[in-house]
Amino acid sequence: MIQKLSDIQKDNLTKRNSALHSTRMEGAFREIRDMDYEYSADIGLAYASPVRGVWNIVHIATLVPQGHQIFVCPTSCLRGVVLTTAELGRMDKMSTITVGEENILEGDMEEMLQHGVERVIRELPEKPRMMMIFTSCIHHFMAVNYQRVYNILAKEFPEIDFVDCYMDPIMRRTNPVVPSLWRQMHRVLRYTEAKNPKQVTLLGNCFPHEGAYCDLVSLLEANGIKVLEACNCKDYDEYLTMAESTCNFLFHKSGIAAAKDLEIRQKQPWYRMRPGYAYDEYDEDLRKAASILGIPEPKQSFLDSEKARTEACIRETQSLLEDTPVSIDYTAVDCPLELAQFLLDHGFNVESVMVDNFTESEDVFQKLRNTKPTLRIYETYGWNIRQMQRVHAGKILCIGQKSAYFMDSDYFVNEVENAGMYGYRGLRRLMDLISDAFRNPKPMRDLVQVKGWECECGE
């Protein structure tokens with residue numbers, strides 16, 4: 001028997017459909033006053049935008065001079081990494097080994113891995129110094145003993161450093177691939193008691209930190225200290241000298257696993273420079289770095305002058321933008337909420353922040369909610385964001401590619417992961433970029449599709 005809906009059921013169904021329609025059209029954002037600090041985007045049904053500027057494991061691994069990557073995966077997994085490498089024009093830096101159904105049925109995963117790597121090495125025109133072998137989810141499912149394979153390869157090719165790397169999305173919560181890769185890339189450093197007091201390493205950076213835009217590097221260079229990063233080593237021999245650094249510094253959370261590992265294996269202390277927008281933290285971190293290295297601390301008069309210069313630069317930029325709405329996204333900076341608060345405190349009209357979870361402190365969140373309760377928070381992975389209203393009356397200034405894409409704005413700061421900026425110099429550089437973005441529109445749709453913003457990896 002077919003049961004008809006009652007009037008009450010019909011009314012409830014109508015209300016539900018109306019609410020669903022409202023969520024789909026307007027639920028792309030929530031005002032911060034309506035949110036809890038424990039917010040995390042729903043990663044069930046997700047929308048993947050065409051924004052591709054953030055670096056992935058292919059881009060990062062290509063930083064190693066004289067290194068080579070081998071991805072050992074089924075064909076469906078290989079497609080993305082191959083296209084990424086081809087777009088870079090660096091297919092010479094990568095090889096692939098395809099895992100097929102027959103390997104699973106025959107149980108020869110280890111033999112296939114070993115003989116595949118041997119063949120790659122024989123066919124390369126020049127032997128690499130480091131071989132990064134990326135295994136995938138299937139190797140965990142099949143409990144493959146890949147360490148046994150690497151031990152065999154190390155004996156067969158003692159001139160090559162073999163590094164076990166991972167491309168396993170099933171481990172993204174317990175062992176995320178990017179922090180894991182930064183750690184593994186530095187596992188080749190051989191322990192030495194001889195540390196160079198005039199050399200430090202900056203860990204976990206896709207972009208080089210230069211003295212013009214980074215207060216820490218400016219301080220170190222002024223005191224004759226050499227700064228090494230994976231992205232600025234001229235060859236593999238120099239890369240290995242990171243083992244001699246007296247200390248490691250990092251700016252991003254993704255480098256913490258590498259820093260902790262090197263502290264244990266290399267007896268190298270590490271210190272994280274806070275990537276926020278608080279002047280007192282800049283001053284404290286620079287003094288701490290100077291204390292660790294036994295160099296003169298920056299004088300208070302110098303720090304005060306740097307602050308004054310920075311404030312003047314900020315006032316000039318705010319005067320240029322006036323009431324122009326500003327949108328910030330988490331791919332551009334490590335601390336989008338703190339940047340929003342900083343800009344609001346300086347008179348900028350920050351309209352929205354695009355972020356998928358809050359990684360900054362609860363104090364930052366609560367202060368921002370009190371300062372601007374109507375601030376819009378967008379989930380960039382939310383399934384309904386693709387239906388958001390993207391037409392704006394007038395200009396909107398965006399900091400980051402995702403904000404530019406979702407706001408459909410050609411007026412944007414095109415950067416990812418802080419782009420090597422830190423401290424007073426970094427803030428002044430950011431203000432210059434904002435001013436330039438306001439004056440000079442860019443072809444947003446063309447730029448955001450390029451994988452690995454400004455990636456020019458390799459020797």
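The values are calculated or read from the model by the stated rules, or taken from the named source; none is laboratory data. Fair warning: this is a prediction, and the values are worked out from it, not measured in the lab. Note: ideal-geometry Cβ built from the backbone for every residue, glycine included; neighbour counts use all protein chains shown. The area values use the complete protein model at the heavy-atom level, side chains included, leaving out ligands, DNA and RNA. Shrake-Rupley method; radii C 1.70, N 1.55, O 1.52, S 1.80 Å.
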Original post:
Here are some residues: Asp304, Asp285. Which one is open to solvent by less than 20 Å² (accessible area, probe 1.4 Å), in a helix (DSSP H, G or I) and among the acidic types (Asp, Glu)?
Top reply: Asp285
Subject >> Of all residues making up segment 302-333, the number that are in contact (Cβ under 8 Å) with a residue 60 or more places away in the chain and in contact with a Gly (Cβ under 6 Å, 6 or more places away or on another chain) >> reply: 3
**OP:** Scan segment 221-246 for residues that are surrounded by fewer than 19 Cβ atoms within 10 Å (Cβ to Cβ) and in a strand (DSSP E or B) and jot them down.
**Re:** Lys226, Thr246
Subject >> Count of segment 247-277 residues which are under 22 Å from Tyr213 (Cβ atoms) and either in a loop (DSSP other than H, G, I, E, B) or of a type in the set (Asp, Glu) (or both) >> reply: 7
**OP:** Please work out if Arg129 is touching a Gly at 6+ places or on another chain (Cβ under 9 Å) and closer than 29 Å to Cys206 by Cβ.
**Re:** yes
Subject >> Scope segment 29-52; condition open to solvent by 60 Å² or more (accessible area, probe 1.4 Å), assigned to a loop (DSSP other than H, G, I, E, B) and touching a strand residue (DSSP E or B) at 6+ places or on another chain (Cβ under 8 Å); matching residues >> reply: Asp42
**OP:** Name, by its number, the condition in (1) closer than 20 Å to Arg265 by Cα; (2) surrounded by fewer than 18 Cβ atoms within 10 Å (Cβ to Cβ) that does not hold for Met185.
**Re:** (2)
Subject >> Residues satisfying the stated conditions in segment 132-161, i.e. within 25 Å of the chain's Cα centre (by Cα) and under 17 Å from Arg183 (Cβ atoms) >> reply: Met132, Ile133, Phe134, Thr135
Subject >> Residue among Glu87, Glu126 that alone is among the acidic types (Asp, Glu) and free of Cβ contacts under 8 Å to residues at least 40 places away in the same chain >> reply: Glu126
**OP:** Determine whether Ile328 is open to solvent by less than 80 Å² (accessible area, probe 1.4 Å), within 19 Å of Ala404 (Cβ to Cβ) and hydrophobic (A, V, I, L, M, F, W, C).
**Re:** yes
